[in-house]
Amino acid sequence: MPLILDGNATSKAVLEQIAKDYDRIKAKGLKPGLAVVLVGDDPASIVYVGRKKKACESLGFYSEEHRLPKETLETTLLQLIQTLNSDPKINGILVQLPLPGHLNPQKIIEAIDPRKDVDGMHPFSLGKLVAGLPGPRSCTPAGVMALLDHYKIPVAGKRAVVIGRSIMVGKPMAQLLVEANATVTICHSKTQKIGEVIHEADLVVAAIGKPRFVKADMVKEGAVVVDVGINRMPDGKLAGDVDFEAVAPKASAITPVPGGVGPMTIALLMRNTYEAFIQQTSL
Ligand code: GUN
């Protein structure tokens, strides 16, 4: 059986390191502060936002949750972001996605002060990523890299295939892998012979939002398989983008869903919030 990449255990290690770093400056009496904005009542988003708040509490960070009704006007949301941009208690702002259809996520993300962009999705942060400059990295791709790093899984020189090209996961994921000296291919819904492309990979990162899309015959023997997907099935159970039962016996290492990438996203959000706080307070 493959090595199971345990995101619960690894995220704890990341959070413990943040707690240690924070301990050294706690005496100064300042607190990292995160504002999470949720528009609407998507059940999955409510769960994720709750976890982010809990992670803040357990580190002793300040957090605010702003829950707005799903019919919230763009101007109202933009005003809230402006208020948070100029609030000194707040070091990081996260607008939970997806937003209701009438709100343009790009416009909303661009309204966030790039110094407070703990999600790494502002064009300024994405530009820094592509330029190889320090800056906040998207939490999920950064979480995947931290997980691979924790298990000392080599990336340099490997063939990596990222399935999905979103701003939140696919594109920054591919870029982080390039930075780590992998040879990277991005696949998406228009990719021809996608199974054959995935089969070339030493490392597969699945982030397409299609339950159990990656089948055993698509995966090379011994590949490392990272599953970013979280799909709620009609029976209420969670399924990733990888057919875990079928793929696991072929993989050398694989992430479970849940308990794989999900907790890493939260841990890296806390890391980004802490870094934003350090930058803004010049500690
Ligand atoms: N929705 C699901 N995951 C995320 C995330 O990491 N950030 C934001 N903003 N929205 C999400």
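The values are calculated or read from the model by the stated rules, or taken from the named source; none is laboratory data. Just so we're clear, the structure is a prediction, and the values are computed from it rather than from any experiment. Neighbour counts are summed over all protein chains in view; Cβ atoms, including those assigned to glycine, are modelled from backbone coordinates with ideal geometry. Note: accessible area is taken over every heavy atom of the protein model, side chains too, but ligands, DNA and RNA are not part of it. Shrake-Rupley method; radii C 1.70, N 1.55, O 1.52, S 1.80 Å.
Only Cα pairs within less than 10 Å get springs; with that Gaussian network setup on the chain, which residue of SER125, SER189, SER138 has the largest fluctuation?
The residue that fluctuates most here is SER189.
Suppose we take every Cα in the stretch 112-241 and form the convex hull; what volume per residue is that in Å³? It would help to have the intermediate numbers written out before the result.
Numbers: hull volume 16.8 nm³, N = 130.
Residue-normalised Cα hull volume stands at 129 Å³.
Tell me, rounded to the nearest percent, the portion of alpha carbon pairs in the stretch 1-86 spaced more than 19 Å apart. Provide the component values of the computation, followed by the final result.
On the way: 2037 of 3655 pairs.
Every Cα pair in the stretch 1-86 considered, those over 19 Å come to 56 percent.
Keeping all protein chains in position, work out how much accessible area VAL197 exposes to a 1.4 Å probe, and write it in Å² to the nearest 10.
30
For the chain, with a Gaussian network of springs between Cα atoms less than 10 Å apart, report the residue from GLY92, GLY164, GLY101 with the top mean-square fluctuation.
Looking only at GLY92, GLY164, GLY101, the biggest GNM fluctuation is shown by GLY101.
What whole-number value in Å² describes the accessible area per residue of the stretch 231-283 for a 1.4 Å probe? Don't skip to the end; give the middle numbers.
On the way: 2160 Å² over 53 residues.
Per-residue value: 41 Å².
Using a Förster distance of 35 Å, how high is the FRET efficiency between GLU16 and LEU133, based on the Cβ-Cβ distance and rounded to 0.05? Intermediate values should be presented prior to the final figure.
Numbers: r = 28 Å, r/R0 = 0.80.
Here the calculated transfer efficiency is 0.80.
For the Cα atoms of the chain, what angle does the longest principal axis make with the long axis of helix 74-85, in degrees from 0 to 90, nearest 10?
Taking the Cα atoms of the chain, the angle to 74-85 is about 70 degrees.
If ligands, DNA and RNA are left out, what is the accessible area of LEU129 with a 1.4 Å probe, given in Å² to the nearest 10?
Roll a 1.4 Å probe over it and LEU129 shows about 10 Å².
Work out how far the C-alpha atoms of the stretch 60-157 reach from end to end along every principal axis, then list the three figures in whole Å, largest first.
Sorted from largest, the Cα extents of the stretch 60-157 read 47, 32, 23 Å.
Whole number in Å², please: accessible area per residue of the stretch 42-171, 1.4 Å probe, ligands, DNA and RNA not counted. Before the final figure, lay out each step's value.
Numbers: 6300 Å² over 130 residues.
Accessible surface, normalised per residue, equals 48 Å².
Report the normalised scattering of the stretch 214-283 as log10 I(q)/I(0) at q = 0.14, 0.22, 0.23 Å⁻¹, calculated by the Debye formula with identical scatterers on the alpha carbons.
Here the Debye-derived log intensity ratios amount to -0.55, -0.90, -0.95.
Tell me, Kirkwood radius of the chain from alpha-carbon pair distances, in Å? Walk me through the numbers on the way to the answer.
On the way: mean 1/r = 0.0516 Å⁻¹.
So the Kirkwood estimate lands at 19.4 Å.
Return one number: the angle in degrees, 0 to 90 and rounded to the nearest 10, between the long axis of the Cα atoms of helix 170-179 and the longest principal axis of the Cα atoms of the chain.
80
Build a GNM of the chain with springs between Cα atoms under 10 Å: which of ALA131, ALA160, ALA146 gets the top mean-square fluctuation?
In the Gaussian network model the winner is ALA131.
Could you please state how large a percent of the accessible area of the chain is carbon and sulfur, counting protein chains only and using a 1.4 Å probe?
56
Roughly speaking, what is the stretch gain from LYS152 to LYS215, that is 0.36 nm per residue apart minus the C-alpha to C-alpha distance, in nm to one decimal? Walk me through the numbers before you get to the answer.
On the way: separation 63, 0.36 × 63 = 22.68 nm, distance 2.55 nm.
Full-extension gain reported as 20.1 nm.
How far is helix 43-59 tilted, in degrees, relative to the longest principal axis of the Cα atoms in the chain, given as a value from 0 to 90 rounded to the nearest 10?
Relative to the chain, helix 43-59 is tipped by roughly 70 degrees.
Could you work out the Rg to Rh ratio of the stretch 183-256, with Rh taken as the Kirkwood radius (inverse of the mean 1/r over all Cα pairs)?
Here the Rg-to-Rh quotient is 0.95.
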